[in-house]
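As structure tokens, the structure follows; a few thoughts come after it.
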Amino acid sequence: MAFESIGDFIAMGGYGFYVWLSYGLTFLALIILVVNSVAKKNKILKNVAQRLSREQRIKKAQNMEGTL
Amino acid sequence: MWKWLHPYAKPERSYQLAGKLLPWFVVATIITFVVGLGWGLLFAPADYQQGDSFRIIYIHVPAAMMAMAAYSTMAIAAFIALVWQIRLAEMNIAAIAPVGAVFTFIALVTGAAWGKPMWGAWWVWDARLTSELILLFVYLGIIALYNAFSDKVLAGRAASILTLVGVINLPIIHYSVVWWNTLHQGATIMKLDKPSMAPEMLWPLIIMIVGFAAFLGAVSLLRFRNEILARESHRPWVSALVTDKLGGEK
């Protein structure tokens, strides 16, 4: 271990602010990227599902017209 | 001999292959991040000159290296897309560009936070920093250009051309610390000589470089699958996929 205590670890030999600023912004950026990528996939799948159900409804309505 | 490659030019096959590879990259990312950051932050000794501020290296260097590796990959894809007109190569560019842009952003931000205590300035207009900033703008330009066209055939071609033009920036970034006087230190690992770093500091760095490479792979695969789905959304195989998924959830 390079540090004696948790306080020492957080202080980073006086450079705590710079070190944790770097790590904080890095992980923030990486997490935003991952969340955005996953959200995009769900959105695409939702759009396709919506289109499919719309097509199905239209087909159903057309069949109904035929029987009337 | 190379015939086994042909089926992968079909989007459906590529989608499935990317899906099979994705979990491995996710696992590799998690393991390397935990080991690399644990080692780098807790066990690596403090630098005799820079104290504990040098621990920023474990994200700064991997992000900068992988930002350039990502660009190189995009450049190869752009060449393939333009010469052989393979649509998947264009989707590859669109998938990687945001990851590369985020890595470049990380390299710049962590560099600034490291520069302040060591050089006394968040930012200086020197060759390494300026060329890295240009890389960020090139990345953003490629993303913006790709999204500017609703016709994705045109968008892919335009983005490919811009990607190839931007390649000129890569050697400038790499050699900027040699060609110009700069505050930024020279190469530590990527040189022909032995790396000028103690092994107990170097090992976590190498693990983190592998970690960022794995993250790049994982998110690129995820976004590559998104691109395929979006551009193939009217194909029967995508409809079947969505119907299967809905059926499974019920």
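Ranking B:61, A:38 from most to least accessible surface, computed with a 1.4 Å probe over the protein chains only, gives A:38, B:61. For the chain pair B and A, the buried solvent-accessible surface (1.4 Å probe, both sides summed) amounts to about 3300 Å². May I ask you to list the residues of segment B:110-152 whose amide nitrogen lies under 19 Å from a point 7 Å from Cα along the Cα→beta-carbon direction of residue B:161? Under cut-off, by backbone N: B:138-152. Could you tell me which residue out of B:74, B:42, B:7 lies farthest along the dipole of segment B:5-110 toward its positive end? Charges go on the beta carbon: Lys and Arg +1, Asp and Glu -1, centred on the Cα centre. Most positive-ward Cα: B:7.
In Å², what does the accessible area per residue of chain B work out to with a 1.4 Å probe?
Working: 12550 Å² over 250 residues.
About 50 Å² of surface per residue is accessible.
In loop segments of segment B:133-221 as defined by DSSP, the trypsin sites (Lys or Arg not before Pro) with at most 12 further C-beta atoms inside 10 Å of their C-beta are B:191. Annotation: residue B:243 carries an accessible surface of approximately 80 Å², with a 1.4 Å probe and no ligand, DNA or RNA atoms counted. For segment B:1-106, the Cβ-based charge dipole about the Cα centre amounts to some 480 debye (Lys, Arg positive; Asp, Glu negative; other atoms uncharged). Multiplying the residue separation of residue B:13 and residue B:180 by 0.36 nm and removing their Cα-Cα distance gives an extension gain of 55.4 nm. Here the accessible area is traced with a 1.4 Å probe on the protein chains. For the protein assembly as shown, carbon and sulfur cover 68 percent of it.
Need one word for segment B:8-109: rounded, prolate or oblate. Basis is the Cα gyration tensor (sqrt eigenvalues a ≥ b ≥ c); a/c below 1.5 gives rounded, then a/b vs b/c decides. Oblate, since a/c reaches 1.5 and b/c is not below a/b. Taking all protein chains as shown and a probe of 1.4 angstrom, residue B:151 keeps an accessible surface of around 80 Å². Taking all protein chains together and a 1.4 Å probe, the residues B:232, B:12 rank B:12, B:232 from largest to smallest accessible area. Inter-chain neighbour count for B:95-107: the average number of beta-carbon atoms from partner chains within 10 Å of each residue's beta-carbon is 3. Solvent exposure of residue B:235, expressed as accessible area, is near 120 Å², computed with a probe of 1.4 Å over the protein chains only.
When the helices in chain A are scored as -39500 (n - 2.57) per DSSP H run of 4 or longer and the sum is shared across all residues, what 222 nm value do you end up with, to the nearest 500 deg cm²/dmol?
Calculated mean residue ellipticity at 222 nm is -30500 deg cm²/dmol.
Site pair residue A:43 and residue B:147 shows an inter-label distance of 0.8 nm when each label is modelled 7 Å from Cα along Cα→Cβ. Ordering B:183, B:82, B:202 by accessible surface, largest first, gives B:183, B:82, B:202; the 1.4 Å probe counts only protein heavy atoms, with every chain in place. With springs only between Cα atoms under 10 Å apart, run a GNM on chain B and tell me which of B:211, B:36, B:120 wobbles the most. So, out of B:211, B:36, B:120, the one fluctuating most is B:120.
Using a simple spin-label model with points 7 Å from Cα along the Cα→Cβ vector, what separation in nm is obtained for residue B:246 and residue A:67? It works out to 2.0 nm between the two label points. Amide H to amide H, with H built 1.01 Å from N, residue B:51 comes under 5 Å of no residue 5 or more places away or on another chain.
Counting only other chain Cβ atoms within 10 Å of each residue's Cβ, the peptide A:27-39 averages 5. The label-point distance for residue A:17 and residue B:79, in a model that sets each label 7 Å from Cα toward Cβ, rounds to 4.7 nm. The residues of segment A:8-64 expose, per residue, 65 Å² of accessible area to a 1.4 Å probe. Can you give the FRET efficiency to the nearest 0.05 for residue B:124 and residue B:233, using r as the Cβ-Cβ distance and R₀ = 30 Å? The formula returns an efficiency of 0.05 here.
Across the options B:57, B:155, B:115, the greatest Cα extent toward the positive end of the charge dipole of the protein assembly as shown (unit charges at beta carbon of Lys, Arg, Asp, Glu) belongs to B:155. Averaging Cα coordinates gives a centre for segment B:89-137 and one for segment A:1-49; these two points are 17 Å apart.
The values are calculated or read from the model by the stated rules, or taken from the named source; none is laboratory data. The structure presented is a predicted model; accordingly, all values stated were derived computationally and were not measured. Ideal geometry is used to build each Cβ from the backbone, glycine not excepted, and the neighbour counts take in all protein chains shown. These accessible areas exclude ligands, DNA and RNA; they are computed on the full protein's heavy atoms, side chains included. Shrake-Rupley method; radii C 1.70, N 1.55, O 1.52, S 1.80 Å.
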